[in-house]
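Structure, as structure tokens:
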Protein chains: 2
Amino acid sequence: MSIVERRRREKEALSSRILTTAWQIVKEEGWQSLSIRKIADAVEYSVPVIYDYFENKEAILLEFGKQGFELVIKKLKAARNTSADPAEQLKAIANAYWNFAFKNKEYYQLMWGLSIPCCEMDKCIPERSVFKDLIMEPMTAIIEKGKNKNVQACIKYHTFWSILHGLISIKMVAPPGDTEELNKLVLDDAIAGFIKNLSS
Amino acid sequence: MSIVERRRREKEALSSRILTTAWQIVKEEGWQSLSIRKIADAVEYSVPVIYDYFENKEAILLEFGKQGFELVIKKLKAARNTSADPAEQLKAIANAYWNFAFKNKEYYQLMWGLSIPCCEMDKCIPERSVFKDLIMEPMTAIIEKGKNKNVQACIKYHTFWSILHGLISIKMVAPPGDTEELNKLVLDDAIAGFIKNLSS
DNA sequence: ATAAATTACCTAACGGTGTTAGCAAAAGTA
DNA sequence: TACTTTTGCTAACACCGTTAGGTAATTTAT
């Protein structure tokens, strides 16, 4: 029964070769330029073979979406664990997210771009609540320690994401006029202001 | 010499008919579904005729981009003029931008989506500085009146846009779970917090 | 070992996209 | 009327995602 095992391994090997090849194309030419035909060409198989391994193009994109979410959640968790102070945690999370976005533009574009409908993207997120928990925990801690405990955490949660996502998505397509230092300054200032408002 | 004039009018008529038809398709089926062939079909001309009026598809999209920027700038100016108080002006501008985005999803998607490269989009903006001036004026006024005059306005400008754009772009693709009232609450809270930080 | 069934893989196509070459007919000009 | 310009068309090119259908190789069953 080892033959069937070998075949399974071969299938998996090609499956991951398709993914790595696709990723290479994306890295070199961008998402827009990724096509089934190009992948098939690169892995030296005919086009329909790709469909034996992935239902369609979107399935391939979703696979990368999963990878992206896994990576960013790992980064955010690591960032949180660098400190026990909630405010520092929040800052670290924001920084980690920022770094993830710019070090992995391809992932970020896929995850937040228009490439995939949002509802489809939900399939990528391991647990829907992981994101929220990661941010809500330090946030509520800050509110608790602050002067005004009536702050509505769920509203602030949205605000936090808005600042982060908004700034990144603007800077992602911005002309190279703005230096990276300035952008980081803007982020720090925005997050600092946000935290200040949380505990006042 | 009136014949040439009539012909010029006819050309312009078809040109704008192409645009209105395209817009109708976008409204009904979304940007993704807009194609030269569909436009040609709808205006009852063959495909290459479209290319006599627009250099390519992007030229058509840019035309809508222009329209979008003109409209939003008009709305923002009107919003500013509703009050003489800088803080109220800023709030009004944020609200106007929010309303523009949700009442004109098609424009917003085109202007900030990945449909058009950002550098190309610059061609759409009548004056590059209009946006910045509109927001910087009330912002610097608030800073001047506040306690800490050392706030760097240009950094805050980026923050303002981040909050606004970030929140909208998140809500634009969000599942219908969040009510419109909640979203507006989040916006108001975020802008209020921003203004508070400006003058402290 | 031979026959049957399964699997792997291919060519070729369908219907779609943006874009363009080249030609025929109509309209305007001399 | 003859010439020139404009107008609009058909047909094609090179792509895209996707699939139908067939062939050859491999595995399984007899």
Single match in A:Trp23, A:Trp31 (criterion: touching a Gly at 6+ places or on another chain (Cβ under 9 Å) and open to solvent by less than 100 Å² (accessible area, probe 1.4 Å))
A:Trp31
From the list A:Tyr45, A:Tyr97, exactly one residue is surrounded by 14 or more Cβ atoms within 10 Å (Cβ to Cβ) and in a loop (DSSP other than H, G, I, E, B). Which is it?
A:Tyr45
Please go through the range B:6-40 and give me each residue that is among the basic types (Lys, Arg), without any contact (Cβ under 8 Å) to a residue 12 or more places away in the chain and under 13 Å from B:Ile50 (Cα atoms), ordered by number.
B:Arg37
Can you name every residue in the range B:150-200 that is among the β-branched types (Val, Ile, Thr) and within 7 Å of chain A (Cβ to nearest Cβ)?
B:Ile155, B:Thr159, B:Ile163, B:Ile170, B:Val173, B:Val186
Single match in B:Gln89, B:Gln67 (criterion: part of a helix (DSSP H, G or I), more than 13 Å from DNA strand C (Cβ to nearest atom) and modelled with pLDDT of 95 or more):
B:Gln89
The condition of being over 30 Å from A:Ser162 (Cβ atoms) and either open to solvent by less than 20 Å² (accessible area, probe 1.4 Å) or more than 12 Å from DNA strand D (Cβ to nearest atom) (or both) holds, among A:Leu76, A:Leu14, A:Leu90, A:Leu71, only for A:Leu14
Please verify whether the range B:41-57 includes one or more residues that are near DNA strand C (Cβ under 9 Å from one of its atoms), hydrophobic (A, V, I, L, M, F, W, C) and within 21 Å of B:Leu110 (Cα to Cα).
yes
Among (1) part of a helix (DSSP H, G or I); (2) buried (at least 18 other Cβ atoms within 10 Å of the Cβ), which single condition is A:Val151 missing?
(1)
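The values are calculated or read from the model by the stated rules, or taken from the named source; none is laboratory data. These numbers were taken from a predicted model, which means no experiment stands behind them. Note that we place each Cβ from the backbone using ideal geometry, even for glycine, and neighbour counts take in every protein chain shown. Side chains are part of the model used for accessible areas, which takes the heavy atoms of the whole protein and leaves out ligands, DNA and RNA. Shrake-Rupley method; radii C 1.70, N 1.55, O 1.52, S 1.80 Å.
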